[in-house]
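Below is one structure, written out as structure tokens, with a few remarks after it.
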Amino acid sequence: MTVRTLRFYRERKLLPPPRREGRIAWYNEHHLARLRTISELLARGHTLGGIADLIDAFEKGRDASRAAELLGLESALTSPWSEETPVRLTPEDLAAHFPDEVTSENLAAALDLGYIAVDGDEVVHVSHRLLDASTALVREGIPLAAVLDAGRVVREHADAIADLFTSLVRARLFTDVPTLSPADLRRLNEVMDRLRPLAKQVVDAELALAMDRRVRAEVENWSRPRDGAADAGGTGDAGDAGDDSAGA
């Protein structure tokens, strides 16, 4: 989302004002949830003016049941699955994590992936765990550019897995629900709460099994003698013939 759009939403009273520290405006999880709710309502055909009226009615208690039904999307659909902790870094901190790897190309790639964002004189990394993993991979000798390329591929596969889980829930558990009622919202929230640990469990188990299969296959490939090495070693016949010739 652009800064211009964010300011426009604030001017239309769609968002509460942020907390300010000097020239920095701090937005919290409530703001993020509200933005996601606005996005969901726009996708359902509501106008910004209508959304503003709903929010105003909800906050002032007018037509609360209808407003609560729609704004209930905020709690039912936007409860975060991730437990990631952002990390604030100075440029020196970032350079210490990735010595000689903080190039303009790598910074652009990390920004494009959403791994980092710039906040004044600091860099904010989206996830402490991802930062630790990237740092460890680079210390093992893998270039940061390759780590970021791999991260992009992992992101694509993670999006596909998330799409699989959400499609499974919608197709199998909410087949005949064209519009979510308050009761459907409560049910969806309960289903998603139960699904969180199950989805993580399935992905963790499948990744572990896949790594076992891949590592075994790689070790077997390394263990096989190369064609050239096998021919050179042979059974020793070529060496015997050479000895006979030399003796003659």
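The values are calculated or read from the model by the stated rules, or taken from the named source; none is laboratory data. Because the structure is predicted, anything quoted here is derived from the model rather than measured. Quick reminder, even Gly has a Cβ in these numbers, built from the backbone with ideal geometry, and neighbours come from all protein chains shown. These area figures cover heavy atoms from the full protein model, side chains too; ligands, DNA and RNA do not enter into them. Shrake-Rupley method; radii C 1.70, N 1.55, O 1.52, S 1.80 Å.
Quick rundown of the values:
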item: Gyration tensor (alpha-carbon) shape descriptor, the stretch 113-231, a/c threshold 1.5; result: oblate
item: Rounded Å value of the spacing that divides the Cα centres of the stretch 145-197 and the stretch 1-40; result: 25 Å
item: Net length gained if the chain between Ala183 and Thr5 were fully extended (0.36 nm per residue, minus Cα distance); result: 60.8 nm
item: For Arg172, net neighbour charge (Lys/Arg +1, Asp/Glu -1) across residues whose Cβ lies under 15 Å away; result: 0
item: Surface accessible to a 1.4 Å probe, Glu140 within the full protein complex, Å²; result: 150 Å²
item: R0 of 51 Å, Cβ-Cβ distance Val118-Arg224: FRET efficiency to nearest 0.05; result: 0.55
item: Inter-site label distance for Leu42 and Asp176 at 7 Å from Cα along Cβ, in nm; result: 3.5 nm
item: Potential lengthening between Arg19 and Leu207 on full extension [0.36 nm per residue; Cα-Cα distance subtracted]; result: 63.6 nm
item: Surrounding net charge for Val202, when Lys and Arg each add one and Asp and Glu each subtract one, Cβ distance under 14 Å; result: +1
item: Under 12 Å, Cβ to Cβ, from Arg4 - net charge with Lys/Arg +1 and Asp/Glu -1; result: +1
item: Per-pair calculated FRET efficiency, R0 = 25 Å: Thr85 and Glu190 via Cβ, rounded to 0.05; result: 0.40
item: Distance in nm between pseudo-label sites at Glu29 and Asp93 (7 Å out along the Cβ direction from Cα); result: 2.1 nm
